[in-house]
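The values are calculated or read from the model by the stated rules, or taken from the named source; none is laboratory data. Please read these numbers as outputs of a predicted model, since none were measured by experiment. Heads up, the Cβs are rebuilt from the backbone with ideal geometry, glycines too, and the neighbour counts pull from every protein chain shown.
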Amino acid sequence: MKKNIFSVFSAAIMFAALAVPATGVYAEQETGTEAELTAETLSSAGMDIEVPDVPIHVTALKGPTAMGMVYMMDQVDSGALDAPWEFNIVGAVDEVPPMLVKKEADIAAVPANLASVIYNNTEGGVEVLAVNTLGVIYIVDRDESIQSVSDLAGRTIYASGKGATPEYALNYILSGSGIDPETDVTIEWKSEHAECLAALLADESAVAMLPQPFVTTAQMKDDSIRVALDLTEEWEALQADAEEPSSMITGVVVARREFAEENPEAVDAFLEAYGASVDFVNANTDEAAALVGGYEIVPEGVAKKALPACNIVCITGEEMYEKLSGYLSVLYEQNPKAVGGALPESDFYYGAEALEEEPESESTAE
């Protein structure tokens with residue numbers, strides 16, 4: 001069973017190229033000094049909570065999916081928040097599924113589609129606690145020629161992530177805007193973001209699809225690089241008239257089902273602290289960037305510029321269900337393998353029993 005589980009992760013793990021930047025690019029930046037955060041700021045951030053004495057092993061990926069946790073991590077590590085939680089930040093997405101399967105991680109931040117793959121290949125062994133990052137993909141140019149999606153027609157787009165979420169998201173947005181991805185635009189797929197950047201720098205008229213915080217790193221190398229389109233905004237524009245609009249989603253927080261069912265109070269306390277941490281990160285860019293640099297997620301200078309564009313959130317409950325189920329449905333329609341072969345059942349969503357009645361056709365794949 002485990003051999004099968006790990007083998008089917010490969011397609012979804014390609015999404016790591018979006019969520020986890022190349023560390024070599026960041027090595028050129030200085031990390032800065034960790035900010036001093038006091039008990040007063042702890043209280044103002046809403047983290048004065050009671051935490052059950054239940055150890056939680058938390059794993060997050062370098063990049064936006066870990067950035068929202070940094071304030072909570074700092075408070076736990078400093079003792080300001082008395083919680084027996086351990087945090088582990090990893091650089092490669094393929095490290096995470098085995099940790100969940102082997103019970104080395106109780107809670108983990110993972111790409112949204114990978115969460116569905118894990119669910120399907122562990123017979124429902126995980127459930128999603130929250131959406132933690134919306135879309136972080138952007139179309140960039142250097143000559144300001146791209147003002148709308150329609151301007152991409154006839155152009156060459158350099159991108160990475162073929163066969164994974166970036167390709168499906170781009171195809172959805174192009175198609176929804178009347179552009180056939182197969183005939184109306186040329187998408188030149190690269191294996192790494194750095195290759196896309198090299199192509200962009202070699203041709204002033206080139207167009208590339210890049211994620212944050214790599215966009216910020218690229219702009220620090222060449223200030224002529226401009227964000228032309230936010231694909232999250234384009235996705236939501238296409239979804240505006242939908243009965244239950246979805247969102248473009250990068251990352252989610254999952255828990256092992258066994259752990260969540262045995263420790264609901266600990267999970268709820270974690271979610272409360274996590275929500276407060278996200279609020280702090282979004283409201284205090286300088287302090288949050290210092291913590292991001294201190295935890296070596298990305299350098300402080302990159303984080304300071306990138307954080308406002310990383311779409312870090314903490315969405316739970318019914319809103320989580322609506323946004324995430326709709327997003328996974330879009331991926332499923334393009335390629336069922338992107339979500340593990342089937343759309344998850346309603347029990348994939350933490351607290352599903354409290355949600356409003358959901359149509360069976362949207363929670364079960366045919």
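Some values worked out for this structure:
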read-out: Residue match in the stretch 290-297 (condition: of a type in the set (Ser, Thr, Tyr), assigned to a helix (DSSP H, G or I) and either at pLDDT 95 or above or farther than 18 Å from Pro211 by Cβ (or both)); value: no
read-out: Condition met for Gly125 (in contact (Cβ under 8 Å) with a residue 60 or more places away in the chain and over 13 Å from the mean Cα position of the chain (by Cα)); value: yes
read-out: Residues of the stretch 160-202 that turn out to be in contact (Cβ under 8 Å) with a residue 24 or more places away in the chain and part of a loop (DSSP other than H, G, I, E, B), as a count; value: 11
read-out: Residue identified as in contact (Cβ under 8 Å) with a residue 24 or more places away in the chain, closer than 22 Å to Cys310 by Cβ, among the hydrophobic types (A, V, I, L, M, F, W, C) and in the same structural domain as Val51 (by TED's automatic domain parsing) among Val253, Val215, Val227, Val207; value: Val253
read-out: Hits in the stretch 193-251 - residues which are surrounded by fewer than 16 Cβ atoms within 10 Å (Cβ to Cβ), of a type in the set (A, V, I, L, M, F, W, C) and touching a Gly at 6+ places or on another chain (Cβ under 8 Å); value: Ala242
read-out: Evaluation of Asn311 against (1) at positive phi; (2) surrounded by fewer than 20 Cβ atoms within 10 Å (Cβ to Cβ) (one fails), failing number; value: (2)
read-out: Residue pairs meeting the criteria (Cβ under 7 Å; at least 6 apart or on separate chains; first of a type in the set (S, T, N, Q), in the stretch 256-274; second buried (at least 17 other Cβ atoms within 10 Å of the Cβ)); value: Asn263/Val54
read-out: Test result for Ser205, hydroxyl-bearing (Ser, Thr, Tyr), touching a helix residue (DSSP H, G or I) at 6+ places or on another chain (Cβ under 7 Å) and in a loop (DSSP other than H, G, I, E, B); value: no
read-out: Every pair of residues 6+ apart whose Cβ atoms lie under 8 Å, when the first sits in the stretch 94-110 and is not assigned by TED's automatic domain parsing to the domain that holds Ala130 while the second is aromatic (Phe, Trp, Tyr) and buried (at least 24 other Cβ atoms within 10 Å of the Cβ); value: none
read-out: Condition broken by Val136, with the remaining ones in (1) crowded, with 24+ Cβ neighbours inside 10 Å; (2) touching a Lys or Arg at 6+ places or on another chain (Cβ under 9 Å) satisfied; value: (2)
read-out: Among the residues listed as Glu244, Glu272, Glu265, the single one being outside any strand (DSSP E or B), farther than 30 Å from Met73 by Cβ and of a type in the set (Asp, Glu); value: Glu244
read-out: Selection status of Leu307, modelled with pLDDT of 90 or more, of a type in the set (A, V, I, L, M), in contact with a helix residue (DSSP H, G or I) (Cβ under 8 Å, 6 or more places away or on another chain) and not in a helix (DSSP H, G or I); value: no
read-out: Positions within the stretch 144-159 being surrounded by fewer than 20 Cβ atoms within 10 Å (Cβ to Cβ) and either within 18 Å of the chain's Cα centre (by Cα) or in a helix (DSSP H, G or I) (or both), in sequence order; value: Ser150, Asp151
